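Beneath this line is the structure, given in structure tokens, with notes to follow.
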Amino acid sequence: MPKITYIEQNGKEHTVEVPVGWTVMEGAVKNRVPGIDADCGGACACATCHVYVDPAWQAKLKPRAEMEAQMLDFALELKPNSRLSCQIKVTQELDGLVVHTPKSQH
Amino acid sequence: MDRIVIIGAGQAGAQAVASLRAEGFAGAITLVGDEPFPPYQRPPLSKAYLSGDYARERLFLKPDSFYAESQCDLRLGVAAVDLDRKAKTVTLSDGAGLPYDRLLLATGTLVRKLPVPGAELPGVHYLRGIAEVDGLRPELVAGKRLAVIGGGYIGLEVAAVARKHGLDVTVIEAAGRVMARSASEPVSAFYEAEHRGHGVKFLLGAMAQGIEGRARVTAVVTDRGSVAADAVLIGVGVVPDTSLAESAGLPCNNGIVVDEFAATADPDIFAAGDCTNHPDFTGGRVRLESVQNAIDQAKHAAASMLGKGTAYCEVPWFWSDQYDLKLQIAGLARPGDVIVPRGDPASRKFSVFHLRGGTVAAVEAVNAAPDYIIGRKLIAARAQPAPERLADISIPIKSFV
Ligand SMILES: Cc1cc2nc3c(=O)[nH]c(=O)nc-3n(C[C@H](O)[C@H](O)[C@H](O)COP(=O)(O)OP(=O)(O)OC[C@H]3O[C@@H](n4cnc5c(N)ncnc54)[C@H](O)[C@@H]3O)c2cc1C
Ligand code: FES
């Protein structure tokens, strides 16, 4: 199973296994990684699952779809590597992915 | 105060557990749910989970470890059957008595049953929980005929999934248009056209009068003719589950009546989620059926139970997924609102703003997230944009805030 590492603002790291086909958001929620609210449960409707993808991994991800880009546009502290974690599907190729959680989702 | 009992292990119940602990409550928490599952999210039930490409465990809101680490005594598969407010005790269907210092009712809703003959026949389904979807999914066989009674969100979401699976789908709706209760006319018209484009048939303005069949359903009889069917989904709305509250004498009126702190008439009893009738951000009262309301009201209820409540007056929001269309709604529309369309439905990307007394009261956005998000801000700010400017897509929506 691919391993994903979530790094909190305070530097605390959480490395967890996430099944292929699940999302990076679900990996966090199911493993109680703090900092991701995911109020809508992955419907791309709430923008409370914002993460920053580690620069080393940015090029390996599929680009944002239009709805994700539109929703992200309104996230707090948007950066070029901002993503909605519920829109990143976990694949074998993403084994080792590193994402950073933001200060706040609201 | 050291014992909190929560009745209803759904979206609001799970949020309350998390919020109580986050607020520093160190006493005992018991969460009681009559379904055999830990709290789960319902939105995927009529979407990806019905479709079959979403494993059941993905529905669960929290991992099991959450309840253990939160020291939450999770009692599943048992119902609260009696509430004694004098003795401050809830009795469960297994006979257990649970004393409480504070009680949260998060009992959600029950499906509205269709009072017609034949509604109990095999092949007739309702959709509220995991068990019902697991019963409906085997019916999704290409070539079968599905009659959907009720053209609301759930009926239409199921219609979309069923078409994807190759069923012959007819939607029977009593009103003259789909989503009549919740959407504006332009949005209804757009969704009807989209569904027709995907091959769904409609019988609008038709009252279902009975369901026919011997061993199984064979047809739905309406006042506008009958619709042959191998399976039927009834989606005619829900009613708040107020039975426990009512039996204990708590005021109920289309929901358990609570104030902006989620408090009932009993100072030790609070309520949150679909089961409540609560003050809304416009100064009126409303009962909502949405994830947002369950989460936000539960957060406020948790704080209130600990004596640090703040008023709940968030702008409501909701979404619905049908085919590749995302409908996002914020605010509260009311009959009589001035409707301001923005964008061309033919582009499959448009929105409809609702103004009341010139103030933005609601927005419905189809594949138009910026309009939805800015709309939410405009509603919260009680903004009064000029309608003709709002309707002008050459003016960027962002310039309104
Ligand atoms: C098919 C479907 C699709 C939906 N799609 C969307 C969507 O796209 N977007 C959106 O925002 N919302 C959607 N909703 C609505 C959303 O799921 C609800 O608003 C939300 O679940 C409400 O949370 P709740 O905690 O109030 O109630 P629920 O989540 O319904 O939980 C209440 C629980 O309490 C239990 N209970 C009741 N009485 C007792 C008792 N006496 N003892 C023990 N347990 C009891 C019930 O069995 C239930 O498990 C959908 C709902 C359904 C059914
Ligand atoms: S979980 Fe709501 S947008 Fe990702």
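In this structure, is B:F202 at pLDDT 95 or above, surrounded by fewer than 20 Cβ atoms within 10 Å (Cβ to Cβ) and not assigned by TED's automatic domain parsing to the domain that holds B:A346? Before the answer, list the steps.
Numbers: at pLDDT 95 or above: yes; surrounded by fewer than 20 Cβ atoms within 10 Å (Cβ to Cβ): yes; not assigned by TED's automatic domain parsing to the domain that holds B:A346: yes.
Taking the combined requirement at face value, the residue satisfies it.
Yes or no, residue by residue, for (1) over 28 Å from B:A245 (Cα atoms); (2) open to solvent by 50 Å² or more (accessible area, probe 1.4 Å); (3) at pLDDT below 95; (4) outside the structural domain of B:V32 (by TED's automatic domain parsing):
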{"site": "B:Y100", "(1), (2), (3), (4)": "no, no, no, no"}
{"site": "B:P115", "(1), (2), (3), (4)": "no, yes, no, yes"}
{"site": "B:A119", "(1), (2), (3), (4)": "yes, no, no, yes"}
{"site": "B:G129", "(1), (2), (3), (4)": "no, no, no, yes"}
{"site": "B:E132", "(1), (2), (3), (4)": "no, yes, no, yes"}
{"site": "B:V141", "(1), (2), (3), (4)": "yes, yes, no, yes"}
{"site": "B:R145", "(1), (2), (3), (4)": "yes, yes, no, yes"}
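Considering the range A:27-56, the residues that are open to solvent by 10 Å² or more (accessible area, probe 1.4 Å) and part of a helix (DSSP H, G or I) include one that is nearest to ligand 1 (Cβ to nearest atom), namely A:V29. Looking across B:A383, B:A391, B:A361, B:A368, one residue alone is touching a strand residue (DSSP E or B) at 6+ places or on another chain (Cβ under 6 Å), surrounded by 21 or more Cβ atoms within 10 Å (Cβ to Cβ) and without any contact (Cβ under 8 Å) to a residue 60 or more places away in the chain. It is B:A368.
The criterion of being of a type outside the set (G, A, S), open to solvent by less than 60 Å² (accessible area, probe 1.4 Å) and at negative phi does not hold for B:D344.
Applying the selection to the range B:377-391, what residues are among the charged types (D, E, K, R) and closer than 26 Å to B:Y312 by Cβ?
Initial filter on the range B:377-391 (among the charged types (D, E, K, R)): B:377, B:382, B:388-389.
Listed by number, the residues that qualify are B:K377, B:R382.
Output the number of residues of the range A:18-47 satisfying the condition of being farther than 30 Å from B:A365 by Cα and in contact with a Gly (Cβ under 8 Å, 6 or more places away or on another chain). Can you show your working first?
Narrowing the range A:18-47 to residues farther than 30 Å from B:A365 by Cα: A:18-20, A:30-34.
Checking which are in contact with a Gly (Cβ under 8 Å, 6 or more places away or on another chain) leaves us with A:18, A:33.
Residues flagged as farther than 30 Å from B:A365 by Cα and in contact with a Gly (Cβ under 8 Å, 6 or more places away or on another chain) within the range A:18-47 amount to 2.
When only residues in the range B:43-61 that are facing another protein chain (nearest Cβ under 9 Å) and open to solvent by 50 Å² or more (accessible area, probe 1.4 Å) count, which is farthest from A:G27 (Cα to Cα)? Residue satisfying both the conditions and the ranking: B:D53. Of everything in the range A:79-106, what is surrounded by fewer than 16 Cβ atoms within 10 Å (Cβ to Cβ) and within 14 Å of ligand 2 (Cβ to nearest atom)? Give them in sequence order. Hits for the range A:79-106 are A:K89, A:H106.
The values are calculated or read from the model by the stated rules, or taken from the named source; none is laboratory data. Values in this document were obtained by computation on a predicted structure and should not be read as measured data. We place every Cβ from the backbone using ideal geometry, glycine too, and count neighbours over all the protein chains shown. Heads up: the accessible areas ignore ligands, DNA and RNA and are worked out on the full protein's heavy atoms, side chains in. Shrake-Rupley method; radii C 1.70, N 1.55, O 1.52, S 1.80 Å.
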